[in-house]
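Have a look at the structure below, then the notes.
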Amino acid sequence: MILSDWEIRARCAGGMVIDWCQDLINPASLDVRLGSTLLIESVESSDLVPYPLHRHTQDNPYLMVPGQFVLAETIETFNLPNDIAAQFMLKSSRAREGLEHLMAGYCDPGWHGSKLTMELHNSRQLHPVALWPTMKIGQMVFHKMSTAPQRSYAVTGRYNCDSGVQQSRG
């Protein structure tokens with residue numbers, strides 16, 4: 001069962017999401033905003049390197065070049081209880097600008113204390129896509145579990161309680 005707006009509001013007010021605000025609530029989802037750090041490719045290293053977004057704005061955005069891949073974080077921090085799973089979906093307006101999310105946005109029940117890391121790709125061939133902190137980047141859809149799982153992600157998850165955008169630990 002997908003949570004409705006009033007259920008999302010009540011759960012967020014109870015601590016399920018930190019740094020949320022009322023105007024982010026949709027009928028069946030919660031908008032999430034782009035945080036202040038990206039991890040980007042560098043010619044010096046095969047690892048992605050931190051890039052601070054705080055100096056960028058809507059009027060002076062970071063321009064993600066065609067074909068570029070970045071990892072990004074949300075402003076919001078999540079504390080999913082054991083009876084709620086969540087799924088990240090890119091905002092349709094961002095997809096229409098040429099931005100893609102690489103479909104790794106599923107959050108198990110019990111995932112908590114972490115900002116969501118998003119895998120973003122500019123699929124345009126000729127033009128950049130603009131990014132800036134606080135932009136509405138996607139939305140979280142919350143699913144109520146029929147019962148709590150036997151094994152919580154709070155115990156088994158390798159990305160639990162992370163601060164900031166995270167590279168693969170695969």
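Could you identify the single residue in 95, 130, 148 that is assigned to a loop (DSSP other than H, G, I, E, B) and either at positive phi or not charged (D, E, K, R) (or both)?
Details: 95 fails: assigned to a loop (DSSP other than H, G, I, E, B); 130 fails: assigned to a loop (DSSP other than H, G, I, E, B).
Being assigned to a loop (DSSP other than H, G, I, E, B) and either at positive phi or not charged (D, E, K, R) (or both) holds for just one of 95, 130, 148, which is 148.
Condition first: among the aromatic types (Phe, Trp, Tyr) and surrounded by 21 or more Cβ atoms within 10 Å (Cβ to Cβ). Now tell me which residues in segment 13-55 satisfy that.
Step one: list which residues in segment 13-55 are among the aromatic types (Phe, Trp, Tyr), which gives 20, 51.
Residue satisfying the conditions is 20 alone.
Given the structure, is residue 118 open to solvent by 40 Å² or more (accessible area, probe 1.4 Å), under 30 Å from residue 151 (Cα atoms) and hydrophobic (A, V, I, L, M, F, W, C)? Talk me through it step by step, then tell me what you get.
Details: open to solvent by 40 Å² or more (accessible area, probe 1.4 Å): no; under 30 Å from residue 151 (Cα atoms): yes; hydrophobic (A, V, I, L, M, F, W, C): yes.
So residue 118 does not fit the description; no.
Across segment 103-113, what is the number of residues that are crowded, with 22+ Cβ neighbours inside 10 Å and in a strand (DSSP E or B)?
1
Restricting attention to segment 22-57, which residues are within 17 Å of residue 7 (Cα to Cα) and not β-branched (Val, Ile, Thr)?
Within segment 22-57, 22, 23, 24, 26, 27, 28, 29, 30, 31 meet the criteria.
Let me spell it out: the conditions are (1) over 30 Å from residue 1 (Cβ atoms); (2) open to solvent by less than 50 Å² (accessible area, probe 1.4 Å); (3) over 17 Å from the mean Cα position of the chain (by Cα); (4) of a type outside the set (S, T, N, Q), and residue 133 meets all of them except one. Which number is the exception?
So residue 133 meets the others, but not (3).
Can you tell me which residue among 65, 43 is out of contact with any Leu (no Cβ under 7 Å at 6 or more places or on another chain), at pLDDT below 95, on the phi < 0 side of the Ramachandran plot and of a type in the set (Val, Ile, Thr)? Lay out the reasoning, then the answer.
Values: 65 fails: at pLDDT below 95.
One residue alone meets the criteria, 43.
Look at segment 43-59 and say how many of its residues are part of a loop (DSSP other than H, G, I, E, B) and either touching a residue at least 24 places away in the same chain (Cβ under 8 Å) or within 19 Å of the chain's Cα centre (by Cα) (or both). Outline the logic, then answer.
Residues of segment 43-59 part of a loop (DSSP other than H, G, I, E, B): 43-44, 53-59.
Okay, now just the ones that are also either touching a residue at least 24 places away in the same chain (Cβ under 8 Å) or within 19 Å of the chain's Cα centre (by Cα) (or both), so 53-54, 56-58.
So the answer is 5.
Within segment 90-99, does at least one residue satisfy the condition of being among the basic types (Lys, Arg) and surrounded by 14 or more Cβ atoms within 10 Å (Cβ to Cβ)? Spell out the reasoning first.
Here is the first cut: in segment 90-99, the ones among the basic types (Lys, Arg) are 91, 94, 96.
With the extra rule that they be surrounded by 14 or more Cβ atoms within 10 Å (Cβ to Cβ), the set shrinks to 91, 94.
Checked against the condition, which is being among the basic types (Lys, Arg) and surrounded by 14 or more Cβ atoms within 10 Å (Cβ to Cβ), segment 90-99 yields at least one hit.
Mind listing whichever residues of segment 119-157 are at pLDDT 95 or above and hydrophobic (A, V, I, L, M, F, W, C)?
Our first condition is that a residue be at pLDDT 95 or above; within segment 119-157, this holds for 119-144.
Scanning segment 119-157 gives 120, 126, 129, 130, 131, 132, 135, 137, 140, 141, 142.
Run residue 98 past the list (1) at pLDDT 95 or above; (2) out of contact with any Lys or Arg (no Cβ under 9 Å at 6 or more places or on another chain) and report the number of the one that doesn't hold.
(2)
The values are calculated or read from the model by the stated rules, or taken from the named source; none is laboratory data. Predicted model only: the values in this text are computed from it and were never measured. All Cβ positions, glycine included, derive from the backbone under ideal geometry; neighbour counts span all protein chains shown. To get the accessible areas, we keep the full protein, side chains included, count just its heavy atoms, and leave off ligands, DNA and RNA. Shrake-Rupley method; radii C 1.70, N 1.55, O 1.52, S 1.80 Å.
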